[in-house]
1. Can you confirm whether the stretch B:268-277 contains a residue that is of a type in the set (Phe, Trp, Tyr), part of a helix (DSSP H, G or I) and closer than 23 Å to A:Leu131 by Cβ?
2. What pairs come up if the first residue lies in the stretch B:218-237 and is surrounded by fewer than 24 Cβ atoms within 10 Å (Cβ to Cβ), the second is of a type in the set (Asp, Glu) and modelled with pLDDT of 80 or more, and their beta carbons are under 7 Å apart, counting only those six or more places apart or on different chains?
3. Going through the stretch B:248-279 one residue at a time, which ones are within 10 Å of chain A (Cβ to nearest Cβ) and hydroxyl-bearing (Ser, Thr, Tyr)?
4. Quick test for you: out of A:Pro156, A:Pro169, pick the one residue that is in contact (Cβ under 8 Å) with a residue 24 or more places away in the chain, within 23 Å of the chain's Cα centre (by Cα) and open to solvent by 20 Å² or more (accessible area, probe 1.4 Å).
5. Under the condition of being out of contact with any helix residue (DSSP H, G or I) (no Cβ under 7 Å at 6 or more places or on another chain) and part of a helix (DSSP H, G or I), which residue from the stretch A:54-70 is surrounded by the most Cβ atoms within 10 Å (Cβ to Cβ)?
6. Looking only at the stretch A:243-270, which residues are within 13 Å of B:Leu107 (Cα to Cα) and more than 9 Å from chain B (Cβ to nearest Cβ)?
7. State all residues of the stretch A:78-92 that are at the interface with another protein chain (Cβ under 10 Å from one of its Cβ atoms) and under 16 Å from A:Leu214 (Cβ atoms); if no residue qualifies, say none.
8. Please work out which residue is surrounded by the fewest Cβ atoms within 10 Å (Cβ to Cβ), limiting yourself to the stretch B:37-55 and to residues that are over 27 Å from the mean Cα position of the chain (by Cα) and in a helix (DSSP H, G or I).
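The values are calculated or read from the model by the stated rules, or taken from the named source; none is laboratory data. Predicted model, so just to flag it, every value in this text is computed and none were measured. Every residue, glycine among them, receives a Cβ derived from its backbone with ideal geometry; neighbour counts consider all protein chains shown. Just so you know, the surface numbers come from the protein's heavy atoms only, side chains and all, with ligands and any DNA or RNA stripped out. Shrake-Rupley method; radii C 1.70, N 1.55, O 1.52, S 1.80 Å.
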Amino acid sequence: MTTATLSAPGVSGTARPRRWTRRRVLPGFAPTLGFTLFYLSLLVLIPLSAVFLKSFTHGFDAFWAAATAPRVLASYRLSFGTSLLAASINVVFGLILAWSLVRYEFPGKKLVDALIDLPFALPTAVAGIALTALYAGNGWLGKLLEPMGIKVAFTPLGILVALIFIGLPFVVRTVQPVLEDMETELEEAAASLGAQRWQTFRHVVLPILTPALLTGFALAFARAVGEYGSVIFIAGNLPMVSEITPLMIISKLEQYDYVGATAIAAVMLVFSFVLLLVINGLQAWSGRRNGVR
Amino acid sequence: MSKSYQNNPATREAPWVRRSLLGLGLGFFTLFLLLPLITVFAEGLRKGWDVYIAALVEPDAVAAVTLTLLAAVISVPLNLVFGVCAAWAVAKHDFRGKQLLITFIDLPFSVSPVVAGLVYILLFGAQGWFGPWLQANDLKIVFAVPGIVLATVFVTFPFVARELIPLMQAQGRDEEEAATVLGASGWQTFWKVTLPNVKWGLLYGVILSNARAFGEFGAVSVVSGHIRGQTNTLPLHVEILYNEYQFAAAFAVASLLALLALLTLVLKQFVEWRAKESA
């Protein structure tokens, strides 16, 4: 680490074949990579692999039975369904908000911009009880909605509200920078060629924003499927009706049913890993589209 | 900047379109972000300042604050060191499998917090891999403070690395290589060249991971065991009060966390502004 000539043993060949070989100039490769791999394995990879190993200790049949029990299947439908819906709603309103923040002037704009990140900073349990108080029968919004026959708190609709809350910043914060960097020349060219404003948006602006919108959608969706804290207070948690998948894991754990809990966790892990790969691909696509990185 | 958008006929919408979009966006913002935030404070103060203050100075609340601080004080520096190491290895060197490593570092973000808590039960719980050994040596990890710290480390794992890796990649290696060629040691290069370049990104990552450490609920809830005054962090304390129908007290403690969240947003804004200034 102290000498400039130090290079990691065994890794002197560079990652990709190149026309010239790049000598490792900067020191500290071996210790930093070593520590990174050690820390990553110890805290993330080994613990996560425990889920897979554990879920098959009682054979595949036990795993399958636990992962596909009717109550668990109902929870998948609920979790994935509400998460998809919440992410879709966030794509629409996230785009509108990002557009407003980039293109329009309005009083309190700085404040709105800063508060968009609130769901990242506010503890999920706090969000959960606040949304429940707001939408319960005697809450500010519940009071208005319940006479109209719309019950939000303690129904799947409440889950949707909580998932919209936690997913919104993902869409706004992925679309906003792309909108800011977009050259107005493209829109000017479209306008000078006679396009209507809507046509310009539909055929020029939207294709540029598509990778960012998809990335934001995927991020919001991934977060929503695993979300626990903000949902359980408002969900009502009725079996087969409003039990989300993470809650199923908790209730299995509380019954000391480790096989069941681990099987569901393994399903969720596989899903989140696949989604992570999709998100990485989308971000790479988005980066190429917009010429960054 | 946005003024010019509205002065340019090619990037301008009809006033009614602009007004409807703004109305929709801000209405959505008010409904889903602003009202919940206001609710926390309104509900916390519903029974007056006496109840509010009493909820915050009660011994169990103080114990929860202490434990929450402890978890953050351990997990944030650990992940800071990790983030710097990972960013140095990934951004300043070439090696095979780099993309896979970055994906693995991101993994804790996409894992459900409940699953994150579960893995430590599988490892250190009574029926876990190391459970019998821990019991034989009279050590307790799960349902005790170490488990809470571990879960917090897990959920805050990627924040610093994630901020630093793209930043250091974008800055390239020229400055560090120049310093090294001129005879600076690795440490000197890092402290005098790299660190000043990335300090705002670093601080940004620390602020975000600190906020998450204070607020984590799902993962900590699974490993905590919910022993009042011993293994309750602030968010868990909020849950207990809420489930005991002590709504005013629950929202009082929650408002403390909401204040921390607002402080986080202010700091974040400040760091973003400074980063832009120095760029």
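1. From the stretch B:268-277, those of a type in the set (Phe, Trp, Tyr) are B:270, B:273; that's our starting set.
Those left that are additionally part of a helix (DSSP H, G or I): B:270, B:273.
Then drop every residue that is not closer than 23 Å to A:Leu131 by Cβ, which leaves none.
Within the stretch B:268-277, not a single residue is of a type in the set (Phe, Trp, Tyr), part of a helix (DSSP H, G or I) and closer than 23 Å to A:Leu131 by Cβ.
2. B:Arg228/B:Asp60; B:Gly229/B:Asp60
3. Matches in the stretch B:248-279: B:Ser255, B:Thr264.
4. Numbers: A:Pro169 fails: open to solvent by 20 Å² or more (accessible area, probe 1.4 Å).
On inspection, the qualifying residue turns out to be A:Pro156.
5. First pass over the stretch A:54-70, keeping only residues out of contact with any helix residue (DSSP H, G or I) (no Cβ under 7 Å at 6 or more places or on another chain): A:57, A:59-61, A:64-65, A:68-70.
Checking the rest, the ones that are also part of a helix (DSSP H, G or I) come to A:59-61, A:64-65, A:70.
Values: A:Gly59: 10, A:Phe60: 9, A:Asp61: 8, A:Trp64: 11, A:Ala65: 15, A:Pro70: 9.
So the residue we want is A:Ala65.
6. Start the filter on the stretch A:243-270 by keeping residues that are within 13 Å of B:Leu107 (Cα to Cα), which leaves A:268-270.
A:Val270 - this is the single residue of the stretch A:243-270 that is within 13 Å of B:Leu107 (Cα to Cα) and more than 9 Å from chain B (Cβ to nearest Cβ).
7. Within the stretch A:78-92, the first condition is being at the interface with another protein chain (Cβ under 10 Å from one of its Cβ atoms), and the residues that meet it are A:79, A:89-90, A:92.
Listed by number, the residues that qualify are A:Ile89, A:Asn90, A:Val92.
8. This residue is B:Asp50.
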